[in-house]
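Quick note: the coordinates plus some simple rules give every number you see, no bench work behind them. Quick caveat: nothing in here was measured; it's all calculated off a predicted structure. Cβ coordinates were reconstructed from backbone atoms using ideal geometry, including for glycine residues, and neighbour counts include every protein chain displayed.
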Amino acid sequence: MANFFAPVVALGQRGISAAVAVGDTTVFMLSGLAHMFSGVRIFPRTLRQLYVIGYKSFFVILLIGVFCGMVLGLQGYYTLVKFGSVGLLGSAVSLSLVRELGPVLTAIMLTGRAGSSMAAEIGVMRITDQIDALEVMDINPVAYLVSPRLLAAMISFPLLTAVFDVIGIIGGYLTGVLMLNINEGAYFYRISSSVTMPDLTGGFVKSFVFGLLVTTVCCRQGYTAHRRGDSVGPEAVGNATTSAVVISCVLILAADYVLTSFLL
């Protein structure tokens, strides 16, 4: 009989572990937010993180944005031409970028570029007892390590999303107008007439939430690397970094669906 219920027990244990992890992550995020404005000393560290998260990711976002816009322009053209609606290409490219692809792809790229770095850096600090040393010196590790990254991410993610949107629209222009000879005026007129303030606001809300989620998950994975049951030492840091990227990408897509349901 015990063997019969073993799968149910295992499923229950996994569910409890998942609930505990969600609770711990939520408390971790709230703690980071609570210490965000605890003092002016956070701002020099925030500026450093703005450089790491924002500036050092800028050229990657430019590159991905222009190719994404070019692909959208190409695919949109050959789809709309079947219905005689090529003039709507500007609307298709701009709305796709502003509403969905801009926030989501920017967040995923920043997860791989900056999120993995956060998890690895904090994980190394944990296994080398540097975080314990901060506690011995009466320095709150969450306030010192997590809060500046949260603040920097909530600034960088929306700004880089805006850059991605603009560069993506330019990429669509390169494909649609310069390569496929769509009327330039019609392309930009459709953009100006189709994109509304709620579209822009929704995209920035998504990027803000994505920045909060990605930073929280990546920092927590590194912060708790020493408690992993599957590995210890440097291997634990590697596994924590991998888990941080995977969990962040899944949460980005899940949160995108939830936010789209409320924002539409």
- Which order do peptides 53-62, 78-87 fall in by mean Cβ count within 10 Å, highest first? 53-62, 78-87
- Write down the Å³ per residue value for the convex hull defined by the alpha carbon atoms of region 146-215. 78
- Which far-off residues, 5 or more places away or on another chain, put their amide H under 5 Å from the one on VAL195, with H placed in the peptide plane? none
- A chain fully extended from VAL8 to THR260 at 0.36 nm per residue, minus the present Cα-Cα distance, gains in nm 87.3 nm
- The relative contact order of region 1-150, taking Cα pairs under 8 Å that sit 6 or more residues apart, comes to a percentage of 41
- Query: On alpha-carbon atoms, Rg over Rh for region 121-263 using Kirkwood Rh?
  - Reply: 1.15
- So what is the calculated 222 nm ellipticity per residue for the chain, using -39500 (n - 2.57) for each DSSP H run with n of 4 or more, over all residues, to the nearest 500 deg cm²/dmol? -25500 deg cm²/dmol
- Note on the structure: Karplus-derived 3J(HN,Hα) from phi for region 83-95 (6.51 cos²θ - 1.76 cosθ + 1.60, θ = phi - 60°), whole Hz, x at Gly and Pro, runs 10, x, 10, 4, x, 8, 4, x, 5, 5, 5, 5, 5
- For the chain, what is the relative contact order in percent, using Cα pairs closer than 8 Å and at least 6 residues apart in sequence? 31
- Item | Per-residue HN-Hα couplings for region 148-155 [Karplus 6.51, -1.76, 1.60; θ = phi - 60°; Hz; x = Gly/Pro] | x, 5, 4, 5, 5, 5, 5, 8
- Per Stokes-Einstein, at 25 °C and 0.890 mPa s, what whole-number D in µm² s⁻¹ belongs to region 1-135, with the Kirkwood radius over Cα pairs as the hydrodynamic radius? 124
- Read phi for every residue in region 55-62 and hand back ³J(HN,Hα) as whole Hz from Karplus 6.51 cos²θ - 1.76 cosθ + 1.60, θ = phi - 60°, with x for Gly and Pro. 5, 6, 9, 4, 6, 5, 5, 4
- Quick note on ASP199, ASP24, ASP230, ordering by fewest other C-beta atoms within 10 Å, gives ASP230, ASP24, ASP199
- Evaluate the chain: find the radius of gyration of its Cα atoms, find its Kirkwood radius, and give the ratio Rg to Rh. 1.08
